[in-house]
Amino acid sequence: MSIENLKSALPEYAKDQKLNLGALTRTTELNEEQLWGALLASAAATRNDTVISEIAEEAQEHLSEEAINAAYGAATVMAMNNVAYRAKGWLGDDYAQVKFGLRMNFISKPGVEDATFELWNIAVSAINGCEHCLGAHTQKISDAGVTKEQIWEAIKVASVIQAVAQAVQIEAAR
């Protein structure tokens, strides 16, 4: 199992992440598709080849091909949006009315339920540090009935996957 490969690759200083990773894969807050899509989208957002390939291998056992594409779509469209929305925010009011001008058609038909896709967007936005996107996507799915616990679980997934990727990268560089 690929999550097991990642856990066994973690050094002693990342023992907490090993435990967190194990606990998250047994979550009761997210359904299987929500969890594995959040894991995969988060892995893609880390840009760490090892983490992406290990999680992708196991995600194939839990996700349809459409869901896998949607998770990667969340990672890529949010990579673009997170940069653009952060920049608009930093540039201030002078840029508030500037036309966005970027294509993001994938968001309208991701191939999974909207709330599930939005959870993945939240996870990626948390990794990428975009306050605007994190807030906007959280508001959208809160209004649709997704609980704070489910949203926080997706953020926890992102947090742990980012920490695992960092430990893997540290070890590769040592």
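Couple of notes before you dig in:
- Apolar share of the accessible surface for the chain: 50 percent from carbon plus sulfur atoms, 1.4 Å probe.
- Distance between modelled label sites at D143 and A115, nm, 7 Å Cα→Cβ extension: 1.6 nm
- For the stretch 1-92, the direction-averaged projected area of the alpha-carbon convex hull comes to 7.2 nm².
- Stretching the chain fully between R174 and N5 yields a gain of 59.0 nm (0.36 nm per residue, less the alpha carbon separation).
- Accessible solvent surface per residue of the stretch 14-110, calculated while the other protein chains remain in place, 1.4 angstrom probe, Å²: 56 Å²
- Karplus-derived 3J(HN,Hα) values for the stretch 38-55, using 6.51 cos²θ - 1.76 cosθ + 1.60 with θ = phi - 60°, are 5, 4, 5, 4, 5, 4, 4, 5, 6, 6, 9, 4, 5, 5, 4, 5, 5, 6 Hz; glycine and proline are entered as x.
- Distance cut-off 19 Å, percentage of C-alpha pairs in the stretch 33-174 lying past it: 50 percent
- Note on N31 and Q60: the extension gain reaches 8.9 nm, defined as 0.36 nm multiplied by sequence separation minus the Cα-Cα distance.
The values are calculated or read from the model by the stated rules, or taken from the named source; none is laboratory data. Fair warning: this is a prediction, and the values are worked out from it, not measured in the lab. Note that each Cβ is placed from the backbone with ideal geometry, even for glycine, and that neighbours are counted across all protein chains shown. The accessibility values were calculated without ligands, DNA or RNA, using every heavy atom of the protein model including side chains. Shrake-Rupley method; radii C 1.70, N 1.55, O 1.52, S 1.80 Å.
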